[in-house]
Amino acid sequence: MHLKSKKKLSILIPVYNEINFLKLFSSKLSNVFKNINAEYIFIDDGSTDGSKEWLNNYVNNSPLELQLIDLKKNYGKGHALHEGIKIAQGDYLLFQDADLELDPKDSLEMYNIILNDQSISCVFGSRYLSGKLKRNKNYLNEFFGKMNSFIFNLLFKESLSDIHCGSKIISKKIVDQLDLSIKDFGFEIDIAAQISKLNYDIYEYGISYFARSKKDGKKITWLDGLKSYYYLFKTRFIQNDLATIFSLFYTTFYMGYIGTYFGLGVGKYMVVMFFIFVGLFIGLYRRLFSSTVILCFIYFGSFFSQGNGKIYTILIGFLLGIYISKKLIKFTKAKSQNKLITFFI
């Protein structure tokens, strides 16, 4: 038996053409959370199959604390959840898909974990950590899902196994600090990226997974898969503060320029692209002055060798620049919190 908590849970459920699943899903969800102090927020995202009418009837005739947001057309999962977040009153927000690919029982287990440990404020479900039941015939979907998680981890210094999982529980205090903008399935990347940038710990919990096919009503397509790479780039390299944006332009320019001194023909373009890629990562973690320290060491390193050997002295200069700039940043943070100084260093 789960005792009612003084804390309130807001369960946000985006719905788009799920008429075949709504009755069973709603029954499971309400039964699982019957002893939890929860509000249920359904967001109909322009359904045309009768889901909207079913939800209207359900909300009007249920004894539960239910709300329905009726969007006149299909804007996307992200937009639907943005609307739900606006009216959520709970201490924690649970994002729960209505397609029964994920079991509400697992969401309750995640919620109990977050209630019983005050140091945890963010738990993501993972379909790849679980020893629970799993059914998935689409190997490619799983392969690219894991690859996207790997790319996310590389970009954000995280170690998440399932960035695209739709089951998440997050403290409202954290959600209120986010500026979510992606309106489709990229919502999962957007919310994870922003939480990571704020340096909150993201915990994962293994959950069951019962994959649907397109015939069963699965909405995500290969186009959404392609867009996910743009969203990974956008959330890491575009959605940044002004100091980081300046630094990114600066470091990618000078690293790309340095790359032009190496390689021949097509190989030269590949080297330049590699240097630009390295420059992007320098720009994320170094400001203008600390980036210039790296450039100076690279420049001086270029004087100590000729021909193909120059790459080695430049590499040594680069590594020394990284080390010295890191020490400079650490020293500056310890001595000053002046905004102008931190903008450049």
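Count the net charge of all other residues whose Cβ sits under 11 Å from the Cβ of ASP179, scoring Lys and Arg as +1 and Asp and Glu as -1.
-1
Pop a pseudo-label 7 angstrom from the Cα along the beta-carbon direction at both ILE245 and LYS86 and give the gap in nm to one decimal.
2.5
Mind checking the dipole of the stretch 9-238: about its Cα centre, +1 per Lys or Arg Cβ, -1 per Asp or Glu Cβ, Debye to the nearest 20?
Dipole about the Cα centre, nearest 20: 600 debye.
Any idea what the dipole of the stretch 242-344 comes to, in debye rounded to 20, about its Cα centre with Lys/Arg Cβ at +1 and Asp/Glu Cβ at -1?
Computed about the Cα centre, the dipole is about 420 debye.
Report the rotationally averaged projected area of the chain based on its alpha-carbon convex hull, in square nanometres.
Answer in nm², one decimal: 21.2.
Given the pairs LYS146/LYS227; LYS28/LYS218; LYS72/LYS218; LYS77/LYS157, which are separated by over 18 angstrom at their Cα positions?
As for pairs spanning more than 18 Å Cα to Cα, those are LYS28/LYS218; LYS72/LYS218; LYS77/LYS157.
Please check: in the Gaussian network model of the chain (C-alpha springs, under 10 Å), which one of GLY206, GLY78, GLY301 has the largest mean-square fluctuation.
Residue with maximal mean-square fluctuation among GLY206, GLY78, GLY301: GLY301.
For the stretch 50-117, with only Lys/Arg (+1) and Asp/Glu (-1) charged at the beta-carbon, what is the dipole magnitude about the Cα centre, in debye rounded to 20?
Rounded to the nearest 20 debye, it is 440 debye.
Would you mind giving the average projected area, over all directions, of the Cα convex hull of the stretch 178-324 in nm² with one decimal?
12.6
Classify the stretch 68-178 as rounded, prolate or oblate from the Cα gyration tensor: take a ≥ b ≥ c as the square roots of its eigenvalues, call it rounded if a/c is under 1.5, otherwise prolate when a/b beats b/c and oblate if not.
It comes out rounded by the Cα gyration axes.
Cα gyration tensor of the stretch 126-231, axes a ≥ b ≥ c as square roots of the eigenvalues: rounded (a/c below 1.5), prolate (a/b > b/c) or oblate?
prolate
In units of 2.2 N^0.38 Å, what is the alpha-carbon radius of gyration of the stretch 88-151?
1.31
What is the percent of Cα-Cα separations in the stretch 242-344 that go past 22 Å?
Summing the P(r) tail past 22 Å for the stretch 242-344 gives 32 percent.
LYS326 to SER27: extension gain in nm, 0.36 nm per residue of separation minus the Cα-Cα distance?
Taking 0.36 nm per residue and subtracting the Cα distance, the gain is 102.1 nm.
Rounded to the nearest 500, what is the chain's calculated 222 nm mean residue ellipticity when only DSSP H runs of at least 4 contribute -39500 (n - 2.57) each, over all residues?
Value at 222 nm, helices only: -16500 deg cm²/dmol.
Which one of GLN89, HIS79, PHE152 has its Cα pushed farthest toward the positive end of the charge dipole of the stretch 58-176, where Lys and Arg give +1 and Asp and Glu give -1 at the Cβ?
The listed residue farthest towards the positive side: PHE152.
Computed from the coordinates by the stated procedures, all read-outs in this text should not be read as laboratory data. As the structure is a prediction and not an experimental result, all values here were calculated from the model. Cβ sites come from the backbone with ideal geometry, for glycine too, and all protein chains shown count toward neighbours.
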